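The structure appears below as structure tokens.
Taken together, the values in this text are just the output of simple stated rules run on the coordinates, not laboratory data. Because the structure is predicted, anything quoted here is derived from the model rather than measured. No Cβ is skipped: glycine too gets one built from the backbone with ideal geometry, and neighbour counts run over all protein chains shown.
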């Protein structure tokens, strides 16, 4: 019997309401189909992400692996493309893939040991940055979503979405972020980006100490990758007693390791703040998230 965690069911109903019921009903059969097709044996409790069920399995040759099942959508369709391109260099290794259902067989990593468990915050930032530097050496494959298109759409949406905010300072900040992105649009980049590289998406493995999982691939400038690591573990930044210094310590470490121009990295990080804030406002929130505004104002204070 395949047990579907209730938290996964709730998450799917929230984020994929149009397909969640039918997909969840079909999920046990889908899992059993690939257990048989790829000659796999269950050997642990299921785990899950926002929309994916992950089953620990063992192959017929004894190799430990993970069977990942998730709906095929704009958010998930390019994940196996990116993993195949990286071929295990800094990311989890793709062993099998069925493009029709999106089902993947991956090398087994330790789901209980993410980079967020590392107590030394700056050491964690450095590990993440070194991993990111490896991932972005690859050029994105043809046909992948492009930062140029996404950024242009964000800039176009900003005036309409910002008008819904009651606070003039919030409206002004969104327009400032949009202006920074507008300047960078002509050279949006072509590197293969993870797009969601934060501490919980980096796990311990047997093949390497740390490997990235769960990419949302994008073709673009590596400077667009920095914000998740600035926001994640936000309590550590606040607990430092100096939020501005905490933000800049992370930002400076990442840009140094990645060899990024800091002015350009500031502009694309403001673009990522803009993206996150547009999502929040679209969900009818009346104000911008405080951690997003803190990061934006800190970086703007340098310019």
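What share of all Cα pairs of segment 49-130, in percent, falls into each consecutive 10 Å distance bin? Reading upward from the zero bin: 16, 41, 33, 9, 0.
When the P(r) is computed for the chain, the part past 31 Å accounts for 33% of the Cα-Cα pairs. Distance between the pseudo-spin-label points of residue 261 and residue 133 (7 Å out from Cα toward the beta carbon): 2.0 nm. What residue among 263, 292, 70 has the largest mean-square fluctuation in a Gaussian network model of the chain, using Cα springs under 10 Å? Looking only at 263, 292, 70, the largest GNM fluctuation is found for 263. Against the chain, whose longest principal axis comes from its Cα atoms, helix 20-37 is set at around 50 degrees.
The residue 119 and residue 206 beta-carbon pair, evaluated with R₀ = 22 Å, returns a calculated FRET efficiency of approximately 0.45.
Would you mind computing the Rg to Rh ratio of segment 6-107 from its alpha-carbon coordinates, Kirkwood style for Rh? Reported Rg/Rh, Kirkwood definition of Rh: 0.95. Taking the chain as the reference, fit the longest principal axis to its C-alpha atoms, fit the long axis of helix 243-258 to the helix C-alpha atoms, and give the angle between the two in degrees, 0 to 90, nearest 10. Once rounded, one gets 60 degrees. Principal-axis analysis of the Cα atoms of the chain puts helix 6-15 at an angle of about 50° to the longest axis. For segment 181-303, the Kirkwood hydrodynamic radius from C-alpha pairs, put into Stokes-Einstein at 20 °C and a viscosity of 1.002 mPa s, yields a diffusion coefficient of 139 µm² per second. Helical content alone sets the calculated 222 nm signal of the chain at -15000 deg cm²/dmol, taking -39,500 (n - 2.57) per DSSP H segment of four or more residues and averaging over every residue. The protection proxy used here, the mean number of other Cβ atoms lying within 10 Å of each residue, ranks peptides 147-153, 89-95 as follows, highest first: 89-95, 147-153. If the label point is 7 Å along Cα→Cβ of residue 13, which residues in segment 20-60 have backbone nitrogen under 14 Å from it? Flagged as within label range: 20-25.
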